[in-house]
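Please read the structure below before turning to the comments.
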């Protein structure tokens with residue numbers, strides 16, 4: 001491929017990765033606006049505490065409410081007003097569920113804002129439209145963590161939770177192992193490709209975003225190393241550049257939000273030590289700023305103690321939230337003696353949040369039956 005072709009493909013890929021977090025399927029055409037409107041009896045839109053919201057109640061409402069928790073949204077991304085219908089939730093509206101969605105009052109890894117905005121939206125629905133028979137929370141990507149944390153903190157608000165392609169570990173785990181792990185390994189194997197500074201990936205002077213084309217060019221220069229890196233972190237080689245680009249962006253954003261480097265390198269066989277042995281290279285270790293790590297733990301912790309049924313629906317091949325992170329809540333819950341509350345569905349769909357249309361309905365039916 002020519003450099004121009006690589007540039008175009010990477011641009012498309014990066015846009016797709018971010019869009020997938022919100023969570024449109026990249027493989028299924030979205031229903032038309034007319035299809036959504038045909039099922040509606042009422043649409044309630046507005047803003048609460050800086051968060052745009054939207055509520056759709058179908059003409060044949062079954063009396064149950066599904067609240068949507070969307071995924072990661074890069075800081076500065078343009079927002080539509082009024083909030084559009086949440087992509088991926090059309091099948092539920094067609095099945096008679098009322099669907100409510102919040103745009104969140106902040107962008108980026110906005111876990112505390114998203115939890116508060118989601119609870120505020122649920123309460124608003126009850127006040128304006130009456131108490132539903134049952135209330136469900138469906139989270140996509142980062143929204144999976146939002147949904148699980150909401151269930152732990154507001155156990156009486158929800159009858160069950162679904163995490164689609166979701167982050168089902170704490171923010172600390174996702175960023176220490178899921179983002180910093182592969183970034184530090186890549187930086188060691190392909191030095192000089194990511195933005196450089198004396199403090200490495202923890203340096204506050206680093207640029208907010210990496211050069212995606214440079215990442216792919218470096219990987220392509222040594223396919224043996226690139227393949228080994230992809231295998232070690234369960235990321236398809238074809239998606240590796242985009243995943244590293246996104247991890248870098250999110251890590252820098254969280255560091256700015258937390259006012260310091262937010263996580264430590266993971267030690268041991270499942271962390272840097274194991275990475276060095278598998279990849280045969282020395283990898284730099286990082287220490288968090290104590291106050292920043294405290295922020296991450298306070299705002300994005302999961303305990304495994306959700307008191308309502310939980311269903312996890314991972315993708316078959318997810319380059320952004322690999323299986324160890326999309327199904328891990330079962331282990332957390334089991335440690336707390338609540339493993340029977342959590343059900344992991346067989347993986348379906350390839351690509352981050354790239355589900356067939358029926359997947360969200362199947363997952364909701366599963367949690368409703370538990």
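The values are calculated or read from the model by the stated rules, or taken from the named source; none is laboratory data. Keep in mind that what you see is a predicted model, and the values were worked out from it rather than measured. Every residue, glycine among them, receives a Cβ derived from its backbone with ideal geometry; neighbour counts consider all protein chains shown.
Residue by residue through the stretch 90-123, note down the ones that are outside any helix (DSSP H, G or I) and over 25 Å from residue 174 (Cβ atoms).
95, 96, 97, 98, 99, 100
Kindly indicate the residue of the stretch 91-106 that is farther than 17 Å from residue 121 by Cα and either surrounded by fewer than 21 Cβ atoms within 10 Å (Cβ to Cβ) or not assigned by TED's automatic domain parsing to the domain that holds residue 164 (or both) and also nearest to the chain's Cα centre (by Cα) among those meeting that condition. Steps first, please.
Here is the first cut: in the stretch 91-106, the residues farther than 17 Å from residue 121 by Cα are 91-96.
So of that shortlist, the ones also either surrounded by fewer than 21 Cβ atoms within 10 Å (Cβ to Cβ) or not assigned by TED's automatic domain parsing to the domain that holds residue 164 (or both) come out as 91, 94-96.
Details: 91: 21, 94: 25, 95: 25, 96: 26 Å.
The extreme case among them is 91.
Give just the number: which of (1) in contact with a helix residue (DSSP H, G or I) (Cβ under 9 Å, 6 or more places away or on another chain); (2) surrounded by fewer than 19 Cβ atoms within 10 Å (Cβ to Cβ) does residue 109 not satisfy?
The single condition residue 109 does not satisfy is (2).
Name the residue, out of 81, 126, that is in a loop (DSSP other than H, G, I, E, B), without any contact (Cβ under 8 Å) to a residue 40 or more places away in the chain and assigned by TED's automatic domain parsing to the domain that holds residue 354.
None of the others qualify; the one that does is 81.
When you look at residue 223, is it in the same structural domain as residue 179 (by TED's automatic domain parsing), surrounded by fewer than 22 Cβ atoms within 10 Å (Cβ to Cβ) and farther than 18 Å from residue 171 by Cβ, yes or no?
Numbers: in the same structural domain as residue 179 (by TED's automatic domain parsing): yes; surrounded by fewer than 22 Cβ atoms within 10 Å (Cβ to Cβ): yes; farther than 18 Å from residue 171 by Cβ: yes.
Criteria met by residue 223.
Checking residue 50 against (1) at pLDDT below 95; (2) over 28 Å from residue 348 (Cα atoms); (3) exposed (fewer than 15 other Cβ atoms within 10 Å of the Cβ), only one condition comes out false. Which one?
(1)
Which residue, of 334, 281, is over 28 Å from residue 107 (Cβ atoms), assigned by TED's automatic domain parsing to the domain that holds residue 135 and either touching a helix residue (DSSP H, G or I) at 6+ places or on another chain (Cβ under 6 Å) or without any contact (Cβ under 8 Å) to a residue 40 or more places away in the chain (or both)?
Of the residues listed, the single one that is over 28 Å from residue 107 (Cβ atoms), assigned by TED's automatic domain parsing to the domain that holds residue 135 and either touching a helix residue (DSSP H, G or I) at 6+ places or on another chain (Cβ under 6 Å) or without any contact (Cβ under 8 Å) to a residue 40 or more places away in the chain (or both) is 334.
Can you say whether residue 148 is part of a helix (DSSP H, G or I), assigned by TED's automatic domain parsing to the domain that holds residue 262 and either surrounded by fewer than 23 Cβ atoms within 10 Å (Cβ to Cβ) or modelled with pLDDT of 95 or more (or both), as far as the supplied structure shows?
Against the criterion (part of a helix (DSSP H, G or I), assigned by TED's automatic domain parsing to the domain that holds residue 262 and either surrounded by fewer than 23 Cβ atoms within 10 Å (Cβ to Cβ) or modelled with pLDDT of 95 or more (or both)), residue 148 does not qualify.
Filter the stretch 257-272 down to the residues that are without any contact (Cβ under 8 Å) to a residue 60 or more places away in the chain and either assigned to a helix (DSSP H, G or I) or outside the structural domain of residue 205 (by TED's automatic domain parsing) (or both) and list them by number.
Scanning the stretch 257-272 gives a single hit, 258.
I want to confirm something. Restricting to the stretch 344-354 and keeping residues that are in contact with a strand residue (DSSP E or B) (Cβ under 7 Å, 6 or more places away or on another chain) and under 23 Å from residue 99 (Cα atoms), which single residue is surrounded by the fewest Cβ atoms within 10 Å (Cβ to Cβ)?
Looking at the filtered set, the residue picked out is 345.
I'm told residue 324 meets every condition in (1) in contact (Cβ under 8 Å) with a residue 40 or more places away in the chain; (2) in a loop (DSSP other than H, G, I, E, B); (3) surrounded by fewer than 20 Cβ atoms within 10 Å (Cβ to Cβ) except one. Can you identify the failing condition by its number?
(2)
Determine which member of the set 237, 232 is within 18 Å of residue 325 (Cα to Cα), surrounded by fewer than 21 Cβ atoms within 10 Å (Cβ to Cβ) and either out of contact with any helix residue (DSSP H, G or I) (no Cβ under 7 Å at 6 or more places or on another chain) or without any contact (Cβ under 8 Å) to a residue 60 or more places away in the chain (or both). Let's see the steps before the verdict.
On the way: 237 fails: within 18 Å of residue 325 (Cα to Cα).
On inspection, the qualifying residue turns out to be 232.
Yes/no per residue for (1) closer than 23 Å to residue 264 by Cβ; (2) out of contact with any helix residue (DSSP H, G or I) (no Cβ under 9 Å at 6 or more places or on another chain):
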position	(1), (2)
135	no, no
155	no, yes
165	no, no
183	yes, no
195	yes, no
202	yes, no
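Please state which one of 300, 339, 274 is at pLDDT 95 or above, surrounded by 15 or more Cβ atoms within 10 Å (Cβ to Cβ), out of contact with any strand residue (DSSP E or B) (no Cβ under 8 Å at 6 or more places or on another chain) and within 30 Å of residue 63 (Cα to Cα).
After ruling out the rest, the residue left standing is 339.
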